[in-house]
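Working notes, beginning with the structure itself.
The values are calculated or read from the model by the stated rules, or taken from the named source; none is laboratory data. Quick caveat: nothing in here was measured; it's all calculated off a predicted structure. Cβ coordinates were reconstructed from backbone atoms using ideal geometry, including for glycine residues, and neighbour counts include every protein chain displayed.
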Amino acid sequence: MTILLKRILWYRLRDRGTELVSDNIYQDPIDITDDVAWTGAKGLDIKNNVLTITLRNANSLYVENNLIKFEEQDQIKVYLKHTDDNDDVTTAWDTDSSTFPSSTDLVGVYYIIEFAIDHSQNTTIIKLVCADKTYVLFNKLYAKNYLVSDGLTAAEIIQDVVRFSSQNQFGEFSGTRENAGVFYDIDAKMDYEGGFIETTRADSTAFPDTAISKVWKPIYEWVKDLSQLEKTNSATEISTNALVQPRAMIFWVDENNRFHWVYPTDIVDSTLVIGTDIIISSSFVKKVFDVVNMVIFNAGTDLYETGIWNYKVDTTSTVRTLKMRVVPMVDIAESLIQKDYGADFNPAADREAGAGGKGDGYPVPQFPKDAQYNLTACAFVPTTSYAAAANITNDSDYNSALRERATDEGSARAQAILSGLAIARWMGNLEVRGTLIYSPGDLIQYTDAEVGIYQEKLRLMKVQHNVGKNGWFTTLTLENDPKEQ
């Protein structure tokens with residue numbers, strides 16, 4: 001006989017931290033396991049990392065002096081385990097015990113972000129909405145300008161921004177290299193440091209140095225943009241359509257708060273077969289999601305303040321009419337200009353003098369001084385028209401090279417969008433008995449021979465746990481990877 005063991009602990013906020021939620025100081029835990037129904041999810045999309053708890057029949061445990069005792073940023077820890085062994089039923093699962101279950105049974109650590117009351121004639125319900133540490137930290141805002149001259153790859157910039165978001169003197173993870181002795185709430189180590197941030201590409205080469213600039217944008221947006229094709233492939237690889245990384249990187253933080261940034265390979269992590277494995281239900285559809293076969297994009301503004309507009313059409317699409325989408329990509333030109341300000345010819349001194357007494361190089365952007373032509377370096381090349389920086393001989397060439405390169409990168413990004421939208425892909429859900437063995441990002445090979453799905457490789461996008469009066473069940477949201485470029 002299988003037994004469901006569960007334990008939910010509530011840590012009331014004692015002192016609120018000044019910067020991070022993880023700086024908070026909490027009181028001893030209060031057990032709220034009894035009479036609880038809840039739903040918790042974790043996915044590749046950070047916004048999925050939310051726990052919703054329903055507490056029935058509110059009582060003095062939750063109300064004191066006519067005031068609700070819950071506060072924003074109170075901490076909730078959830079433990080679950082299915083077992084067939086009576087020896088597993090230890091004091092760790094006893095609601096009156098001061099010991100806690102193993103970390104391997106920890107579903108997650110969450111922080112209350114809101115709560116609601118539903119009071120009717122027959123019942124009183126308190127509903128807690130909680131977010132995990134990833135959700136809280138990755139919504140923190142960050143502003144910085146990374147130049148190519150800084151010599152950092154996308155992986156290195158990602159490590160920097162993730163560590164920025166999670167630095168905490170009480171953190172359980174220590175930094176490495178120049179961050180040795182610094183502590184963090186999220187473990188963001190490179191693969192060669194024993195971590196899960198990949199530092200080599202599909203062909204075992206290093207990632208190219210890159211640039212990115214954002215002003216007060218969420219950490220999640222930083223990491224997502226740095227995971228795209230134009231940040232993991234070199235300028236030459238993009239302009240010649242010889243991509244080493246033909247898919248965007250995927251990222252998540254696991255249940256042990258370790259950050260993963262990996263290429264979505266075709267290596268299968270596990271298999272599930274209807275009729276062999278215990279699968280309660282399945283629901284799948286194969287279709288072209290959000291049919292789009294033409295992307296019109298705005299790649300930003302050139303140095304004459306003229307927009308760089310273009311489009312990409314999927315000529316292989318079977319859709320007879322044009323299904324268009326307009327996509328802003330204004331960061332492309334801005335990023336290229338920032339890259340060139342980090343090029344080799346000392347650009348701050350070698351740009352035309354700026355207005356307002358700021359001196360050479362300001363305000364950004366400016367053309368190089370006439371004496372710099374022919375250029376010895378330019379981040380916009382190679383392009384079809386300008387195979388070398390030396391071919392840029394005047395301001396007009398410089399602006400044309402910018403426009404051409406921005407259009408190339410916009411086209412590559414548009415093609416990536418089309419590849420994910422213009423082909424038929426499997427997408428659906430599997431419901432299995434409650435388990436913690438699956439993680440977002442896993443590649444699962446799924447077979448349901450009766451309906452014609454055979455050894456289909458599906459990426460696990462979201463894991464959702466549902467616990468109620470009927471037990472614990474886990475829903476796996478799966479879909480095919482986009483085709484490689």
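Run down Ala406, Ala416, Ala449 and say which single residue is surrounded by fewer than 17 Cβ atoms within 10 Å (Cβ to Cβ) and either modelled with pLDDT of 90 or more or on the phi < 0 side of the Ramachandran plot (or both). It is Ala449.
Sort through Lys462, Lys457 and tell me the only one that's outside the structural domain of Ile250 (by TED's automatic domain parsing) and in contact with a helix residue (DSSP H, G or I) (Cβ under 8 Å, 6 or more places away or on another chain). Just a single option satisfies the conditions, and that option is Lys462. Looking at the structure I just gave you, is Thr376 surrounded by fewer than 16 Cβ atoms within 10 Å (Cβ to Cβ), closer than 16 Å to Lys339 by Cα and not assigned by TED's automatic domain parsing to the domain that holds Ser234? So Thr376 passes the test.
Among the criteria (1) of a type outside the set (D, E, K, R); (2) surrounded by 21 or more Cβ atoms within 10 Å (Cβ to Cβ); (3) more than 28 Å from Ile46 (Cβ to Cβ), the one Ser120 does not fulfil is (2).
Conditions (1) of a type in the set (A, V, I, L, M, F, W, C); (2) under 30 Å from Asp185 (Cα atoms); (3) more than 24 Å from the chain's Cα centre (by Cα), marked per residue:
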position	(1), (2), (3)
Glu255	no, yes, no
Ser270	no, yes, no
Ser281	no, no, yes
Lys286	no, no, yes
Met294	yes, no, yes
Asp302	no, no, yes
Gly307	no, no, yes
Lys312	no, no, yes
Thr316	no, no, yes
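Here the strands (runs of 3 or more DSSP E) wholly within segment 31-133 that include at least 2 residues being under 25 Å from Asp15 (Cα atoms) and touching a residue at least 12 places away in the same chain (Cβ under 8 Å) are 50-56, 75-83, 106-119, 124-132.
When the residues of segment 128-150 are filtered to those that are over 20 Å from the mean Cα position of the chain (by Cα) and modelled with pLDDT of 90 or more, the one that is farthest from Ala41 (Cα to Cα) is Leu128. For Ile453, the criteria (1) farther than 22 Å from Lys81 by Cα; (2) in contact with a His (Cβ under 8 Å, 6 or more places away or on another chain); (3) of a type outside the set (Lys, Arg) hold in every case but one, which is (2). Assigned to a strand (DSSP E or B), of a type in the set (A, V, I, L, M) and crowded, with 20+ Cβ neighbours inside 10 Å: does that describe Val136? Judged against the criteria, Val136 is not a match. Restricting attention to segment 60-108, the residues that are closer than 30 Å to Ser120 by Cβ and surrounded by fewer than 10 Cβ atoms within 10 Å (Cβ to Cβ) total 5.
Among the candidates Tyr146, Tyr184, the residue that is in the same structural domain as Trp252 (by TED's automatic domain parsing) and touching a residue at least 24 places away in the same chain (Cβ under 8 Å) is uniquely Tyr146. Of the residues Leu418, Leu458, the single one that is over 18 Å from Ala41 (Cα atoms), part of a helix (DSSP H, G or I) and touching a residue at least 24 places away in the same chain (Cβ under 8 Å) is Leu418. Yes or no: segment 239-254 includes at least one residue that is β-branched (Val, Ile, Thr), over 27 Å from Leu106 (Cα atoms), surrounded by 15 or more Cβ atoms within 10 Å (Cβ to Cβ) and out of contact with any strand residue (DSSP E or B) (no Cβ under 7 Å at 6 or more places or on another chain). Yes, because at least one residue in segment 239-254 is β-branched (Val, Ile, Thr), over 27 Å from Leu106 (Cα atoms), surrounded by 15 or more Cβ atoms within 10 Å (Cβ to Cβ) and out of contact with any strand residue (DSSP E or B) (no Cβ under 7 Å at 6 or more places or on another chain). Please tell me if Phe170 is at pLDDT below 90, among the aromatic types (Phe, Trp, Tyr) and over 21 Å from Asn48 (Cα atoms). Taking the combined requirement at face value, the residue satisfies it. Residues that are under 29 Å from Ile267 (Cα atoms), assigned to a loop (DSSP other than H, G, I, E, B) and modelled with pLDDT under 95 do not occur anywhere in segment 378-400. Residues being modelled with pLDDT under 90 and on the phi > 0 side of the Ramachandran plot are represented in segment 255-269 by at least one member. Against the criterion of being outside the structural domain of Leu147 (by TED's automatic domain parsing) and either in a loop (DSSP other than H, G, I, E, B) or within 30 Å of Val107 (Cβ to Cβ) (or both), Thr407 does not qualify. For segment 379-403, what are the residues that are of a type in the set (Val, Ile, Thr), buried (at least 19 other Cβ atoms within 10 Å of the Cβ) and either without any contact (Cβ under 8 Å) to a residue 40 or more places away in the chain or in the same structural domain as Ser227 (by TED's automatic domain parsing) (or both)? If the condition is that a residue be of a type in the set (Val, Ile, Thr), buried (at least 19 other Cβ atoms within 10 Å of the Cβ) and either without any contact (Cβ under 8 Å) to a residue 40 or more places away in the chain or in the same structural domain as Ser227 (by TED's automatic domain parsing) (or both), then Ile392 is the only one that fits.
Summed over segment 429-446, residues that are more than 20 Å from Tyr263 (Cα to Cα) and surrounded by fewer than 17 Cβ atoms within 10 Å (Cβ to Cβ) total 5.
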